[in-house]
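Reading through the structure tokens given below for one structure.
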Amino acid sequence: MSDTSRRGSDITAISHDTTERKIPPMCQHQPPCPSADSADRESARLMAHHPEQGWSLLCNGVVLFEDTGELLPDGQVIAPHRLLDPSRVMTAA
């Protein structure tokens, strides 16, 4: 592919320089919430909570699902890890 593009008589130079935008961290809390790759990532503060849809967005960018599955900001999927022993689950009276 050439570095120029022709449309009619117009010539447009295609720049290969990129400018990287620094994305500020999502968390502005003090002390800061744990990062998405830390073991305690689920303890980050809630930013959005949608129980009717079964998910919540945490401050560190993790999407936490009601079945305890997770979607990390890099696209990695964490399988659900809830308790399977029904005798240990509390129910409402």
Can you run down the residue pairs with Cβ atoms below 6 Å, 6 or more apart or on separate chains, where the first is in region 50-63 and under 17 Å from residue 80 (Cβ atoms) and the partner is open to solvent by 60 Å² or more (accessible area, probe 1.4 Å) and not in a strand (DSSP E or B)?
54/66
Scan of region 37-51 for residues that are open to solvent by less than 70 Å² (accessible area, probe 1.4 Å) and assigned to a strand (DSSP E or B), ordered by number:
48, 50
Set 61, 69, 54: member being surrounded by 12 or more Cβ atoms within 10 Å (Cβ to Cβ), more than 11 Å from the chain's Cα centre (by Cα) and at pLDDT 90 or above:
69
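The values are calculated or read from the model by the stated rules, or taken from the named source; none is laboratory data. The model shown is predicted, which means the values in this text are computed figures rather than measured ones. When we count neighbours, we look across all protein chains shown, and the Cβ atoms used for this are built from the backbone with ideal geometry, even at glycine. Heavy atoms of the whole protein, side chains included, go into the accessibility calculation; ligands, DNA and RNA do not. Shrake-Rupley method; radii C 1.70, N 1.55, O 1.52, S 1.80 Å.
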